[in-house]
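The values are calculated or read from the model by the stated rules, or taken from the named source; none is laboratory data. Note that the coordinates shown come from a computational prediction; the quantities given were computed from them, not determined experimentally. All Cβ positions, glycine included, derive from the backbone under ideal geometry; neighbour counts span all protein chains shown.
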Amino acid sequence: MLKVVNTLKAPAAIGPYSQGIILKNILFSSGQIPASPETGEIVGTDITAQAEQVMENVKAILDEAGTCFENVVKTTCFLSDMADFAEFNKVYEKYFVSKPARSCVAVKALPKNVLCEVEVIAEIQ
């Protein structure tokens, strides 16, 4: 049985999807962009500020699902410009100290023209 994850502490889904889905004891999150949960507006204009907001949005979904960054087993990271890779990593490594498996790719564009997006798969203990 699937359980939908929904929290007001992360931005609402802006399309036909959920913030996250739990299957048994695994959370699959939708990609999080640097949108404010309160206003839906994009937070920050540089990669550092946007990555920080993305991580806070991911944290809110992990919290709602009953898990944490230490239980993340896989991340997929999308950057609009690989020139931001090093600065993005500085923020990323503060949150993902357990070093989960990761894919990081540059894409032509992201929703609302943001600089980064992150999705996670995590175990719920």
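Some notes on this structure:
- Residue check for residue 64: of a type in the set (D, E, K, R), in a loop (DSSP other than H, G, I, E, B), closer than 27 Å to residue 4 by Cα and at pLDDT 95 or above: no
- Note on the range 67-81: residues that are surrounded by 15 or more Cβ atoms within 10 Å (Cβ to Cβ) and assigned to a helix (DSSP H, G or I) amount to 2.
Each row is one residue, and each column tells you yes or no for (1) out of contact with any Asp or Glu (no Cβ under 6 Å at 6 or more places or on another chain); (2) exposed (fewer than 12 other Cβ atoms within 10 Å of the Cβ); (3) not in a strand (DSSP E or B).
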| site | (1), (2), (3) |
| --- | --- |
| 83 | yes, yes, yes |
| 86 | yes, yes, yes |
| 92 | yes, no, yes |
| 97 | yes, yes, yes |
| 102 | yes, no, no |
| 121 | yes, no, no |
| 125 | yes, yes, yes |
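- Test for residue 4: is it at pLDDT 95 or above, over 22 Å from residue 105 (Cα atoms), of a type in the set (Val, Ile, Thr) and not in a loop (DSSP other than H, G, I, E, B): yes
- Qualifying positions in the range 89-109 - within 13 Å of the chain's Cα centre (by Cα) and in contact (Cβ under 8 Å) with a residue 40 or more places away in the chain: 91, 92, 95
- Applying the criterion of being assigned to a loop (DSSP other than H, G, I, E, B) and among the polar types (S, T, N, Q) to the residues of the range 7-29, the residue that is farthest from the chain's Cα centre (by Cα) is 25.
- Filter result for the condition that a residue is touching a residue at least 60 places away in the same chain (Cβ under 8 Å), more than 11 Å from residue 115 (Cα to Cα) and among the small types (Gly, Ala, Ser), over 51, 65, 86: 65
- Residue match in the range 30-37 (condition: of a type in the set (Val, Ile, Thr), surrounded by fewer than 13 Cβ atoms within 10 Å (Cβ to Cβ), in contact (Cβ under 8 Å) with a residue 60 or more places away in the chain and in a loop (DSSP other than H, G, I, E, B)): no
- Looking only at the range 113-125, and only at residues there that are among the charged types (D, E, K, R) and under 17 Å from residue 52 (Cα atoms), the one that is farthest from the chain's Cα centre (by Cα): 117
- Among the residues of the range 38-53, the ones that are in a loop (DSSP other than H, G, I, E, B) and among the polar types (S, T, N, Q) come to 2 in all.
- Some residue of the range 105-113 being touching a helix residue (DSSP H, G or I) at 6+ places or on another chain (Cβ under 7 Å) and either surrounded by 14 or more Cβ atoms within 10 Å (Cβ to Cβ) or part of a helix (DSSP H, G or I) (or both): no
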